[in-house]
Structure formats: structure tokens, C-alpha cells
Amino acid sequence: MYQFILNMWVFGNLSEQQVNSYVAKKFITQEQAEQILATPQEQII
């Protein structure tokens with residue numbers, strides 16, 4: 001699940017709130033969420 005959520009984040013398909021909601025659902029850990037949120041998102045022109 002981590003890789004899928006990371007990819008969705010990078011391509012701008014998830015908000016910070018949505019990423020954090022996956023922690024509450026136990027799909028990813030808090031540490032993984034922090035890593036995802038620290039990853040830059042793609043800038044679509």
C-alpha cells in the first residue's frame with residue numbers, strides 16, 4: 001500500500017489529509033506517512 005499511496009501523492013492525486021487518513025486506517029505507519037509527505041510532488045504545467 002505504501003508504494004501506491006506514495007505514487008498517488010507524487011502525482012498530486014492525494015492531499016495531506018488523505019495521506020494521514022491512511023494511517024488511521026492502518027494501511028501505512030505514521031513514519032511512512034511522514035516519508036510520503038516529505039516527498040516532493042510533480043509540478044504539472
Residues located in region 6-45, provided they are out of contact with any Leu (no Cβ under 7 Å at 6 or more places or on another chain) and of a type in the set (A, V, I, L, M): Leu6, Val10, Leu14, Val23, Ala24, Ile28, Ala33, Leu37, Ala38, Ile44, Ile45
Hits in region 16-40 - residues which are aliphatic (A, V, I, L, M), in a helix (DSSP H, G or I), surrounded by 11 or more Cβ atoms within 10 Å (Cβ to Cβ) and more than 9 Å from the chain's Cα centre (by Cα): Val23
Residue list for region 7-45, filter: touching a Gly at 6+ places or on another chain (Cβ under 8 Å) and not polar (S, T, N, Q): Glu42, Ile44
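For Asn13, indicate whether it is assigned to a loop (DSSP other than H, G, I, E, B) and of a type outside the set (A, V, I, L, M).
Judged against the criteria, Asn13 is a match.
Where a number appears in this text, it was derived from the coordinates with a stated rule and is not lab data. Keep in mind the model is a prediction, meaning the values are calculated, not measured. Quick reminder, even Gly has a Cβ in these numbers, built from the backbone with ideal geometry, and neighbours come from all protein chains shown.
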